[in-house]
Amino acid sequence: MASTKLTPSHPEHIRNIAKDIIFTILTCGIYNLYVQYKQIEALNAMLGQRKYDFLTWFLLTLVTCGLYHIYHEYRLSEDLMKLLKLETSEPLLAVVLTTIGFGIVADAIQQSHINHFYGDTSL
């Protein structure tokens with residue numbers, strides 16, 4: 001009898017958080033566009049549906065001068081907490097961090113949860 005895993009194995013969704021932060025800083029934030037794309041891709045896979053769309057996020061973020069991104073970070077964090085069955089205030093933390101210019105930290109926290117979901121418990 002084959003054993004079944006509780007969490008799906010998708011190594012392409014596991015990311016090196018330190019590398020993402022360093023490359024984002026070195027590229028003055030441009031690399032974070034790629035990080036957002038990969039997180040959207042990972043969360044859609046986790047949800048089993050296409051709830052998030054990179055192009056929609058990108059265009060709405062441009063049109064609203066970044067305000068949509070704050071909402072996006074809240075929604076993404078909220079969906080992560082629901083998937084992981086965690087009762088935390090991380091969606092609110094994501095809003096605060098993104099609003100004060102530390103969205104990269106919110107992304108790192110979100111990626112940590114994504115990595116954990118896919119079985120990687122390292123930082």
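The values are calculated or read from the model by the stated rules, or taken from the named source; none is laboratory data. Because the structure is predicted, anything quoted here is derived from the model rather than measured. Cβ atoms come from the backbone with ideal geometry, glycine included; neighbour counts cover every protein chain shown.
Residues in region 42-55: is at least one among the acidic types (D, E) and surrounded by 14 or more Cβ atoms within 10 Å (Cβ to Cβ)? Scanning region 42-55, I find no residue that is among the acidic types (D, E) and surrounded by 14 or more Cβ atoms within 10 Å (Cβ to Cβ), so the answer is no. One residue alone among D107, D120 is part of a loop (DSSP other than H, G, I, E, B), surrounded by 15 or more Cβ atoms within 10 Å (Cβ to Cβ) and out of contact with any Gly (no Cβ under 9 Å at 6 or more places or on another chain), and that residue is D120. Contact annotation: residue pairs with Cβ atoms under 8 Å, 6 or more positions apart or on different chains, pairing a residue in region 104-123 that is more than 17 Å from G29 (Cα to Cα) with a partner that is basic (K, R) and at pLDDT 90 or above, are I114/R15; N115/R15. The residue that is surrounded by the fewest Cβ atoms within 10 Å (Cβ to Cβ), counting only those in region 10-28 that are in contact (Cβ under 8 Å) with a residue 24 or more places away in the chain and not in a helix (DSSP H, G or I), is H10. Within region 92-103, being buried (at least 19 other Cβ atoms within 10 Å of the Cβ) and either among the aliphatic types (A, V, I, L, M) or closer than 16 Å to M46 by Cβ (or both) holds for A94, L97. For region 70-91, the candidate set comprises residues that are of a type in the set (S, T, Y) and assigned to a helix (DSSP H, G or I); within that set, the residue that is surrounded by the most Cβ atoms within 10 Å (Cβ to Cβ) is S77.
All conditions in (1) farther than 16 Å from I104 by Cβ; (2) modelled with pLDDT of 95 or more hold for L47, with the sole exception of (2). Within region 82-98, can you find the residues that are in contact with a helix residue (DSSP H, G or I) (Cβ under 7 Å, 6 or more places away or on another chain), touching a residue at least 12 places away in the same chain (Cβ under 8 Å) and farther than 19 Å from I21 by Cβ? Those that are in contact with a helix residue (DSSP H, G or I) (Cβ under 7 Å, 6 or more places away or on another chain), touching a residue at least 12 places away in the same chain (Cβ under 8 Å) and farther than 19 Å from I21 by Cβ: L83, L84, P91, V95.
Checking each residue in region 33-66 for being part of a loop (DSSP other than H, G, I, E, B), without any contact (Cβ under 8 Å) to a residue 24 or more places away in the chain and not polar (S, T, N, Q) picks out G48, R50, D53, C65, G66.
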